[in-house]
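First the structure, in the form of structure tokens, and then the observations on it.
The values are calculated or read from the model by the stated rules, or taken from the named source; none is laboratory data. These figures come from a predicted structure and were not determined experimentally. Positions of Cβ are backbone-derived with ideal geometry, glycine not excepted, and every protein chain shown enters the neighbour counts.
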Amino acid sequence: MKLLEYQGKKLFEENGIPVPGGRVISGTDEALEAASSVGTEVALKVQVPVGGRGKAGGIKLAAADKVMEEAEKLLAMEIKGFSVDKLLIEEKIEAEQELYLGVVVDTDSGNVILLFSPTGGVDIEQVAAESPDQVFRLTVDPFAIPPRYRLRYLIRQGGFQGKILEKLTGIAENLLQLAFKRDLLIAEINPLMILADGRVLAGDAKVEVDDNALFRQQFEGKFWEEQDELEKEAREIGVTYVKLDGNIGVIASGAGLAMTTMDLLEEAGYRPANFLETGGGITEDLLYHSFKLVCKNKGVHSVIINLYGGVNPIEKGAKGVVRAMGEMTDPPVVVAKALGNKQEECWEVFKSGGVAVVTEVGTEAAVKELLDLLDKK
């Protein structure tokens, strides 16, 4: 779950990480009042859950008398498929130096890594590629914050000392504590700005919460924004869903199965319409709602289902899919590969509902079956 910038900064501020003064608005009529409470020179920043806002023209500097004009333009924008519903109006900050500080989970090793670079304001990947000696790393025990002297040593490698060193060390410590407390997969400050008066402020906030921990992270009110209605519905159902730009729906009982299916479709020259992963708890209602969800994307003309059942019997999931198809006047072409507990019963249920069944182990066979059926249409 990605937070918007203003939401991430709210978490930062609540956890001792200084941020610029600012206000969030959702209408042009609020812009002037918000700007007057912030300063005579302000930054207007669109709030969308994707990067590259600045390059897309989503960040503007303006004097107070131009704020309403700029706000109107920004609120009419769409950036990478996301309409702009909110703006963050902040005080204009002149930074003497821009740094990078982040806590990330390394997807290869599973380790929590604290990253620091004296070169901020650009993608950390770019810095790592062009100046790897300017990116400093500290592997962190997920059960304990490192002692302060280790954090201080990390920051000192960037050439800092004295009061600034202590401020940066404190912010690093607070960022780690926040990441652990809130089950964050990503907590990045880029840029972390050093001002001429000695203040250190978080100029941006990239924060992502682990979806698997949301049950214990009870944010007050509607703390995050759901930009896509299908993704919102998926969260309510209890599945992981990402809408894509293709026309073949994908339902799988694991992330690996889903990614393999999508990769094979791509290799064959076809575009998946989504990523949907149900997890291992396959039930009739879960597959019923998952199938209906995938088909709500009007571009979907076919669906490929890839299930594996261990302890959980999978024939109940087949019943859910068939029930959903029976409620449709024009159901899509559906191919299912289903292996595991009660697989033979599962195959019979699918076949009774007009689903093409693949019994081979390889997902390649299911993709080929689907493409053959589409060629015949």
Item to check | Residues being under 28 Å from the mean Cα position of the chain (by Cα), farther than 24 Å from Val19 by Cα and among the aromatic types (Phe, Trp, Tyr) - total across the range 117-172 | outcome: 1
Item to check | Members of the range 20-41 found to be buried (at least 20 other Cβ atoms within 10 Å of the Cβ), touching a helix residue (DSSP H, G or I) at 6+ places or on another chain (Cβ under 7 Å) and closer than 17 Å to Ala202 by Cβ, listed by number | outcome: Gly22
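Name the residue that is modelled with the lowest pLDDT, counting only residues in the range 180-199 that are surrounded by fewer than 21 Cβ atoms within 10 Å (Cβ to Cβ) and among the hydrophobic types (A, V, I, L, M, F, W, C). Let's see the steps before the verdict.
Initial filter on the range 180-199 (surrounded by fewer than 21 Cβ atoms within 10 Å (Cβ to Cβ)): 180-183, 185-186, 191, 195-199.
From the residues that got through so far, the ones that are among the hydrophobic types (A, V, I, L, M, F, W, C) too are 180, 185-186, 195-196.
On the way: Phe180: 94, Leu185: 90, Ile186: 93, Leu195: 96, Ala196: 95.
Ranking the candidates gives Leu185 first.
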Checklist entry - When the range 35-63 is examined, which residues are found to be in a loop (DSSP other than H, G, I, E, B) and either under 10 Å from Lys92 (Cα atoms) or out of contact with any Leu (no Cβ under 9 Å at 6 or more places or on another chain) (or both)? => result Gly39, Thr40, Val50, Gly51, Gly52, Arg53, Gly54, Lys55, Ala56
Checklist outcome for this item: Taking the range 154-167 and keeping residues in contact with a helix residue (DSSP H, G or I) (Cβ under 9 Å, 6 or more places away or on another chain) and under 16 Å from Gln134 (Cα atoms) leaves Leu154, Ile155, Arg156, Gly158, Phe160
Checklist entry - Among (1) over 18 Å from the mean Cα position of the chain (by Cα); (2) assigned to a helix (DSSP H, G or I), which single condition is Ile194 missing? => result (2)
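Those residues that are touching a helix residue (DSSP H, G or I) at 6+ places or on another chain (Cβ under 8 Å) and of a type outside the set (S, T, N, Q), I need them from the range 349-377; list them, please. Spell out how you get there, then give the answer.
First, the residues of the range 349-377 that are touching a helix residue (DSSP H, G or I) at 6+ places or on another chain (Cβ under 8 Å): 349-350, 352-360, 363-364, 366-367.
Across the range 349-377, the qualifying residues are Val349, Phe350, Gly353, Gly354, Val355, Ala356, Val357, Val358, Glu360, Glu364, Ala366, Val367.
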Item to check | Residues of the range 85-117 classified as surrounded by fewer than 20 Cβ atoms within 10 Å (Cβ to Cβ), more than 17 Å from Val207 (Cα to Cα) and not basic (Lys, Arg), total | outcome: 12
Next on the checklist: Here is a check on your reading of the model: is Val361 in contact with a strand residue (DSSP E or B) (Cβ under 7 Å, 6 or more places away or on another chain), touching a residue at least 12 places away in the same chain (Cβ under 8 Å), among the β-branched types (Val, Ile, Thr) and surrounded by fewer than 19 Cβ atoms within 10 Å (Cβ to Cβ)?
Outcome noted: yes
Item to check | Neighbours by Cβ (under 8 Å, 6+ apart or cross-chain): first from the range 40-61, without any contact (Cβ under 8 Å) to a residue 24 or more places away in the chain; second assigned to a strand (DSSP E or B) | outcome: Ile59/Ala43; Ile59/Leu44; Ile59/Lys45; Ile59/Val46; Lys60/Ala43; Lys60/Leu44
Item to check | Residue list for the range 313-352, restricted to those being touching a Lys or Arg at 6+ places or on another chain (Cβ under 8 Å) and either within 18 Å of Ser253 (Cβ to Cβ) or of a type in the set (Lys, Arg) (or both) | outcome: Pro313, Ile314, Glu315, Ala324, Val349
Checklist outcome for this item: When the range 166-179 is checked residue by residue, the ones that are of a type in the set (D, E, K, R) and buried (at least 17 other Cβ atoms within 10 Å of the Cβ) are Lys167, Glu173
